């Protein structure tokens, strides 16, 4: 499982490496006393960073190949002179990166991106998974307010090492790729150059529909060794990019990459670990809320995921979003499918006719509100329909019948939707009776 770290360099070290991009002109070496202690291993990513005059700069990325126990062992691998490797006392571990042709660079990390970076908390010298991820700290002015200058101490961590979240690592990696792309377009090298690379466009926030499909993937393949290139991850990426949820995005067809899906799977893995350790006590993010709401019933989750995929909203124009959609725990697409069933004109007409033929009037099945009595002719034959079968229990090709519809007023309709699992109209009717009974005592 890949881990991600920043390795802070002092300004002096940064200047030295700008000269050498050690060794042999490429960035594939670092030294520290704490690589093994921090759990760094083959395949992990190390981002080289520094702070110059309060600004954060990204120097490059090393993908770990091996860790040598001292300088002597590293020299044998590189076959280079002592002066090209730091650690004159021969008492540090030396990290060797995978083969690369990329050298040291200086890419300025914009303030907006800095505010998005998150690090794991360090307790007793080790990074720990916590729902309260740490941010970088800014220097204070004389009034105690944050300035736009970073406090370099926040990046020093343990021997200059801080563990990043995967989301933060992907932000830095995208910025680095943008910088190298810029140098290729200009036919220049990034070595010894300060680059104001275009900050990658921020993807829109994740929504429930997307996270529900990813959570279902997590449980359906929890025993598999899923990598970013696994066919199932690629399949979910293609499905999400077919959903018309983010029409404002300029790259809708490639918006959610397999790497993005993999990142969210790792988030859910973290929540499961915290559940086992009884640490997930509050929901601070949409991912956590969905985990708490939907992970307890995997069958309903699977039904809901199938409904999202097959409900007919793939490759369809975006439907106007309303407040109620945003509140719907099963997501926008499931909400629209639910409303489509409730608003089936032919079926709703049959349900109203059947009820009026039987009772001679239309009243709310819960509170007995009669629109005709309250509003006269303008309220005649008006009543809303509530689909009584919860969305999470719907199968993609289920047929809705009159027996699935309850005739209710608008207020009761909203109350029926508020609780999970949904209240049955008879349950809400009993709640009203109890409230009224207690008010008369």
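Right, residue 373: at pLDDT 90 or above and surrounded by fewer than 13 Cβ atoms within 10 Å (Cβ to Cβ) or not? For residue 373, the condition - at pLDDT 90 or above and surrounded by fewer than 13 Cβ atoms within 10 Å (Cβ to Cβ) - is met. The single condition among (1) outside any helix (DSSP H, G or I); (2) touching a helix residue (DSSP H, G or I) at 6+ places or on another chain (Cβ under 6 Å); (3) modelled with pLDDT under 80 that residue 22 does not satisfy is (1). Just one residue in the set 117, 95 is modelled with pLDDT of 75 or more, under 19 Å from residue 8 (Cβ atoms) and assigned to a loop (DSSP other than H, G, I, E, B); that residue is 117.
Kindly indicate whether residue 16 is surrounded by fewer than 20 Cβ atoms within 10 Å (Cβ to Cβ), at pLDDT below 80 and closer than 29 Å to residue 138 by Cβ. Yes: the conditions hold for residue 16. The range 200-291 holds helices (runs of 4 or more DSSP H) entirely within its bounds, and those carrying 2 or more residues that are outside the structural domain of residue 110 (by TED's automatic domain parsing), at pLDDT 85 or above and under 21 Å from residue 43 (Cβ atoms) map to 231-240, 258-276. Among the residues of the range 347-362, those that are free of Cβ contacts under 8 Å to residues at least 12 places away in the same chain and out of contact with any helix residue (DSSP H, G or I) (no Cβ under 8 Å at 6 or more places or on another chain) comprise 349, 353, 357, 358, 359, 360.
Among all positions in the range 47-54, there is at least one residue which is surrounded by fewer than 18 Cβ atoms within 10 Å (Cβ to Cβ) and either modelled with pLDDT of 90 or more or outside any loop (DSSP other than H, G, I, E, B) (or both). Scanning the range 215-231 for residues being under 19 Å from residue 299 (Cβ atoms) and touching a residue at least 12 places away in the same chain (Cβ under 8 Å) gives a total of 6.
The values are calculated or read from the model by the stated rules, or taken from the named source; none is laboratory data. Note that the structure is predicted; figures quoted are calculated from it, not measured. All Cβ positions, even for glycine, are placed from backbone atoms using ideal geometry, and neighbour counts span all protein chains on display.
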